[in-house]
Amino acid sequence: MYRQIKYLTKLSLCNLANFNVIRHSKDKSKRNRFIGLAITYAALILMFLFYSISIAIGLAVVHMESLIPAYAFALISIIIFFFSTFKAGNVIFDLKSYEQQIALPVSPAAIVISRFLSMYVIDLAISLVATLPSLAVYAVITEPNISFYLMAIIGLLLVPLLPMTVASIIGAVIFAISARMKHKNLVTIVLTIVLVLGIILAETGLGNSSGVITEQGFTEISELISNQLRTIYPPVAFYSDAMVKGSVIDFLIFSLGSVGIFGLFVVVVQRSYVSICSALQARSNGRAYKMQALKTGSIRSALFKKEMKRYFASSIYVTNTGIGYILMTVAAIAIMIKGGNEVEQLLGMPGVVSKALPFAMSLMASIVSTTSCSISMEGRQWWITKSLPLTTKDVFDSKILWNLAVAAPFYLISQIALFIGVKTDFMGHIWIILIPAIYILFMAVTGLTINLQFPNFTWENETVAVKQGAAVLVTSIVGMASCGIPLALVVVAGQNFTNIIMTVVCVVILGLTWTLYHINNRVDLQQLG
């Protein structure tokens, strides 16, 4: 069975990265896209490395180096938990692909175990990139004994197990609850958003301390944050004590607990896999179909409704493309409750809120857009759109307009909250209103442009198109870079240059939006896909 697990896992990972397509395809455009994707992933890895090292050095500078292992462990656990929750129901418990593979000369246990291993390998890669640099910084600063390095190496292999197990269970529960509801996708969307907001609130709970922090208070603050981390995620206590204090007993508890819980979950799932999948995918009986009066409308309204129905038909699509707008709204409400002046006092940077807020809001709204995968979401049905008497402008406008329709309610709520919570001058309010709106439009057009360069019509699972597509990743990087650079400029620059920088950014972003929009409309739909 070992060989079966090995080959099935390898096949799953190759399909995920499109290695076989690149190796055997003679299409140069696909090879070029693969190279572009590889460069993008390399850039993302460098960003992760920079972030991990910066956080570790920052903690060391304020004499909190003992927090580095705990913080790194908690952070990567949250990341793995967040992404694995969305994947579990559609990847591990996908009965359709299981029925296709079971026809092969492989055992059911090998199929199930290979699915867990595929997720584990991906989560392990993320874990190594995010935590290894932090532990390296900690080792250089504290110069621990040899036991630290042995436990660190083993610990890195075990860190993904527990969050992946818990995420799989919760993902399966969400999948099961929604499957029995009449409005299945709506229930899944609501439950997932509640889960995401819970994670966000748990993370923000780490920053509730206020006032001026003196050097004498660093020890107390360190202990406070450590206790909060341990409360939010108890395994942090065993991992941190093992890394910092060299406690072999705590390391054994952490190791045996992680392996034991993960192993037990895998055994239970693989022994009752078909029964679990059948129970999870049970459907409630719908009403009998009744013929009603047919309605006609314009081409643009019909395409807009098609985009709306396609969007809400996929919970993965909604939760992944809406998370940025949710964060923007939550942040705006938090500022309204706290007050802009209190946030500035907490940061120790007077006047920074009114300068940075327009780009900070834009940054959250630019994490992802619905258009970044709207072309790919057409899937194997793309030929239907191409066969209809539609212009490129009609098709693409409907996708952009739907993105704006999704963003609009979140944008309006956040603007009302910021108007109440932030006290600034007339131009400050103008920039807070104008810049996020411009970036939302820019990302709607840019996401479509990038998806046209990296389309994927051959996916078997929507998760591949929404979460693992090159277009989504590239769009996120472009959005963060386009907002992050001017954000840094306005924070560093003096107050006299703020209006100049914001004016230039607005002109440049609007110019890029106009250019990309007209480039998109020259695309030949018949040659796409």
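The values are calculated or read from the model by the stated rules, or taken from the named source; none is laboratory data. No experiment lies behind these values; they were computed from the predicted model shown. FYI the Cβ positions are ideal-geometry reconstructions off the backbone, even for glycines, and counts take in every protein chain you see. Quick note on the areas: whole protein, heavy atoms, side chains included, nothing else; ligands and nucleic acids left out. Shrake-Rupley method; radii C 1.70, N 1.55, O 1.52, S 1.80 Å.
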Just checking, does the stretch 448-460 include any residue being open to solvent by 30 Å² or more (accessible area, probe 1.4 Å), within 19 Å of the chain's Cα centre (by Cα) and among the acidic types (Asp, Glu)? no
When only residues in the stretch 35-56 that are within 15 Å of residue 140 (Cα to Cα) and surrounded by fewer than 17 Cβ atoms within 10 Å (Cβ to Cβ) count, which is modelled with the lowest pLDDT? 54
From the list 398, 387, which residue is over 20 Å from the mean Cα position of the chain (by Cα), among the hydroxyl-bearing types (Ser, Thr, Tyr) and open to solvent by less than 10 Å² (accessible area, probe 1.4 Å)? 398
From the list 496, 520, exactly one residue is out of contact with any Gly (no Cβ under 8 Å at 6 or more places or on another chain) and open to solvent by less than 30 Å² (accessible area, probe 1.4 Å). Which is it? 520
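Report whether or not residue 318 is modelled with pLDDT under 80 and open to solvent by 10 Å² or more (accessible area, probe 1.4 Å).
Considered against the rule, which asks whether it is modelled with pLDDT under 80 and open to solvent by 10 Å² or more (accessible area, probe 1.4 Å), residue 318 comes out as no.
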Output the qualifying pairs, or none if there are none: Cβ atoms under 7 angstrom, residues six or more apart or on different chains, first residue in the stretch 244-265 and in contact (Cβ under 8 Å) with a residue 12 or more places away in the chain and among the aliphatic types (A, V, I, L, M), second residue part of a helix (DSSP H, G or I) and surrounded by 12 or more Cβ atoms within 10 Å (Cβ to Cβ). 244/66; 244/69; 253/238; 259/158; 259/161; 261/162; 261/165
Would you pick out the residues in the stretch 407-438 that are surrounded by 21 or more Cβ atoms within 10 Å (Cβ to Cβ) and among the β-branched types (Val, Ile, Thr)? 432, 435
Failed criterion for residue 441 (all others in (1) open to solvent by less than 50 Å² (accessible area, probe 1.4 Å); (2) within 21 Å of the chain's Cα centre (by Cα); (3) modelled with pLDDT of 90 or more hold): (1)
Could you grab me the full set of residues in the stretch 146-171 that are modelled with pLDDT of 85 or more and either in a loop (DSSP other than H, G, I, E, B) or open to solvent by 50 Å² or more (accessible area, probe 1.4 Å) (or both)? 146, 149, 150, 153, 154, 157, 159, 160
Can you find even one residue in the stretch 405-417 that is more than 24 Å from residue 372 (Cα to Cα) and modelled with pLDDT under 90? yes
Are any of the residues in the stretch 439-461 without any contact (Cβ under 8 Å) to a residue 60 or more places away in the chain and over 20 Å from residue 527 (Cβ atoms)? no
